[in-house]
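Report on the structure given below.
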Amino acid sequence: MNDNREQFSSKLGFILAAAGSAVGIGNLVGFPVNAAKNGGGAFLVIYAIFVILICLPVMVAEFAMGRHTKKGPVGAFGTLSGQQPFWRGAGLIGVITPFMIGVFYTVISVWILGYLIMAAVGELEYLASPDSFGQYINSPYIFAAMLGVAAIIYLILKLGVQDGIEKASKILMPALFVMLLALVGFVLTLDNASAGISFYIIPQFDKITASVVNGALSQAFFSLSLGMGILLTYGSYLSRKTNIVSSAKMVALTDTSVAFIAGLMILPAIFSFNPDVNPSELSDSSVSLIFVLLPKIFLALQTSIGFFAASAIATLFFLLVFFAAITSLVSIIEVPVAYLIDEKNKTRKQALTRVGAIGGGLTVACALSFGMVAFFTEMVTYGGGMKSFFDIIYDLFYDTILPLNGLLVCLFVSYRWKRHELNKELSVGNDEFEGSLMQKYINFSLSTFIPVILLAIFINTVAQKYFSSSLFGF
Ligand code: PHE
């Protein structure tokens, strides 16, 4: 085993880094809208149950595999399976998936940086105009923003685990909490804010359908950065003194709290802008919320608080989302970087250059797939529509393969690596684990109902996405 491996300096540093990965665009905008549209408080309860009963055991398993082997997904699945090709393949999917999700996430982060700059220089009126988003994402400016995002990620990752990832998280995460609370404080002073809160919190059980339940689980899975090899890789930088189970609980709690608090920012803002809004009619897409609806809300604030204050609020919001996106991007790009360092004996700098070159090329292609280049915009037809390169990456890796990766982790730790080995690893830094209720729950859930549920989601998604039929009625 590699004793020179980089390590997080403390449990807090590790928790902030993992929470930095988990807290992302999904929490700040995806979650609030999803919750409001799909049953408010009822959705919140289901989501919380999924985080505790399903996501937490998977997170613990990923951390344990990483720490035990001190390797990323390919090395971890490989070492623990005696280099069986099937499991090495599973590890490889665990590297390719984050790489590809990183591509589409980078494109969105690039747009956010552009909006942040435009808000900061007082271009609210332009941002709120109906054509601005379409114009901006097809303008040459996005390539400048892309270079900006690439430079930030490169600088953080080049500094390594402790001086790069951990330090960035220790600065960005507390800043993110403060900005989020400041924005919530402000939004709650707006007229009609309480209607938004009521809508968000009051449970509407009649809205809960099988597809809402499925959506809640997918949201929780993505939000906690599961199935992306990220937590496994971060686990490989974890000291043997750290208690994995309690760290995982902290990460899940932080992520879920930020998602919940983000709802207290987004929904009052939407309701104060339009008291008659029917949230069920809000767009499902986080993209249209961030780049179309919210700029209109910021502009409308001008009449009550003036141009400068409205621009400051908009800037603060985009900065908040940008910080959240950066810590997530860093974590996802670290996975292929660690792969090249561990498995291909590259230095960190060489690994970053390679990932940057290939990832950069794919990111440009993805950014061109919104109309700039027809080939990437209209690539293939499936599931009843013409799909762009961006859509394909999203459907294939985010929607389809993510639950599959989670399934492979559960099956692997339960049946290949074996439970007693998992338990031994989880007892390191946690004397009370052996024989605890937590141990029994983790062992039972990972080997029984969690893989069954993830398999059902996987099959259903494939049927729905690619064959336009729903097998289980959701
Ligand atoms: N948890 C992130 C979010 O909610 C998802 C993510 C993590 C995406 C890491 C990319 C990289 O937005």
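Pairs linking a residue in the range 392-411 that is closer than 17 Å to Leu217 by Cα to a residue that is buried (at least 24 other Cβ atoms within 10 Å of the Cβ) and among the polar types (S, T, N, Q), with Cβ atoms under 8 Å and 6 or more positions apart or on different chains, are Phe397/Thr97; Ile401/Thr97; Leu402/Thr97; Asn405/Thr97.
Listed by position, the helices (runs of 4 or more DSSP H) enclosed by the range 228-320 that each have at least 3 residues that are more than 16 Å from the ligand (Cβ to nearest atom) and under 24 Å from Pro130 (Cβ atoms) are 244-273, 294-305. Among the residues of the range 69-110, those that are surrounded by fewer than 22 Cβ atoms within 10 Å (Cβ to Cβ) and of a type in the set (S, T, N, Q) comprise Thr79, Ser81, Gln83, Gln84. Annotation: of all residues in the range 340-383 being surrounded by fewer than 14 Cβ atoms within 10 Å (Cβ to Cβ) and outside any helix (DSSP H, G or I), the one that is modelled with the lowest pLDDT is Gly383. Considering the range 89-197, the qualifying helices (runs of 4 or more DSSP H), each wholly inside and each with 2 or more residues that are over 25 Å from Gly75 (Cβ atoms), within 16 Å of the ligand (Cβ to nearest atom) and of a type outside the set (Ser, Thr, Tyr), run over 141-158, 167-187. Taking each residue of the range 207-236 that is closer than 16 Å to Leu329 by Cβ and looking for partners that are away from the ligand (no atom under 14 Å from the Cβ) and among the aromatic types (Phe, Trp, Tyr) with beta-carbon atoms closer than 6 Å, six or more apart or interchain, yields Leu231/Phe63.
The listed residues are Ile54, Ile46, and the only one of them that is hydrophobic (A, V, I, L, M, F, W, C), within 16 Å of the ligand (Cβ to nearest atom) and surrounded by fewer than 24 Cβ atoms within 10 Å (Cβ to Cβ) turns out to be Ile54. Taking every residue in the range 452-468 that is over 16 Å from Gly227 (Cβ atoms) and pairing it with any residue that is hydroxyl-bearing (Ser, Thr, Tyr) and part of a helix (DSSP H, G or I), at least 6 positions away or on another chain, the pairs with Cβ-Cβ distances below 9 Å are Lys465/Thr400; Tyr466/Thr400.
Given the residues Val337, Val292, which is the only one that is surrounded by 18 or more Cβ atoms within 10 Å (Cβ to Cβ) and either closer than 17 Å to Leu116 by Cα or out of contact with any His (no Cβ under 8 Å at 6 or more places or on another chain) (or both)? Step through it out loud before you land on a result.
Values: Val292 fails: surrounded by 18 or more Cβ atoms within 10 Å (Cβ to Cβ).
Only one candidate passes the filter, namely Val337.
Taking Thr327, is it without any contact (Cβ under 8 Å) to a residue 24 or more places away in the chain and part of a helix (DSSP H, G or I)? If you could, list the steps in order and put the result at the bottom.
On the way: without any contact (Cβ under 8 Å) to a residue 24 or more places away in the chain: no; part of a helix (DSSP H, G or I): yes.
Considered against the rule, which asks whether it is without any contact (Cβ under 8 Å) to a residue 24 or more places away in the chain and part of a helix (DSSP H, G or I), Thr327 comes out as no.
Arg240 passes every criterion in (1) surrounded by fewer than 20 Cβ atoms within 10 Å (Cβ to Cβ); (2) of a type outside the set (Asp, Glu); (3) farther than 30 Å from Leu426 by Cα apart from (3).
Matching residues to (1) at pLDDT 95 or above; (2) surrounded by 16 or more Cβ atoms within 10 Å (Cβ to Cβ); (3) not charged (D, E, K, R):
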site: Gln439; (1), (2), (3): yes, yes, yes
site: Phe444; (1), (2), (3): yes, no, yes
site: Ile450; (1), (2), (3): yes, yes, yes
site: Phe458; (1), (2), (3): no, yes, yes
site: Ala463; (1), (2), (3): no, no, yes
site: Tyr466; (1), (2), (3): no, no, yes
site: Phe472; (1), (2), (3): no, no, yes
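The single condition among (1) closer than 30 Å to Ala310 by Cβ; (2) surrounded by fewer than 20 Cβ atoms within 10 Å (Cβ to Cβ); (3) among the small types (Gly, Ala, Ser) that Gly215 does not meet is (1).
Taking the range 388-425 as the search range and keeping residues that are within 19 Å of Asn214 (Cβ to Cβ) and among the β-branched types (Val, Ile, Thr), which one is surrounded by the most Cβ atoms within 10 Å (Cβ to Cβ)?
Filtering the range 388-425 down to residues within 19 Å of Asn214 (Cβ to Cβ) leaves 394-407, 410.
With among the β-branched types (Val, Ile, Thr) added as a condition, the list becomes 400-401.
Details: Thr400: 18, Ile401: 22.
Here the answer is Ile401.
The values are calculated or read from the model by the stated rules, or taken from the named source; none is laboratory data. Treat the numbers as computed from the prediction; the structure is a model and nothing was measured. In this analysis, Cβ positions are derived from the backbone assuming ideal geometry, glycine residues included, and neighbour counts consider all displayed protein chains.
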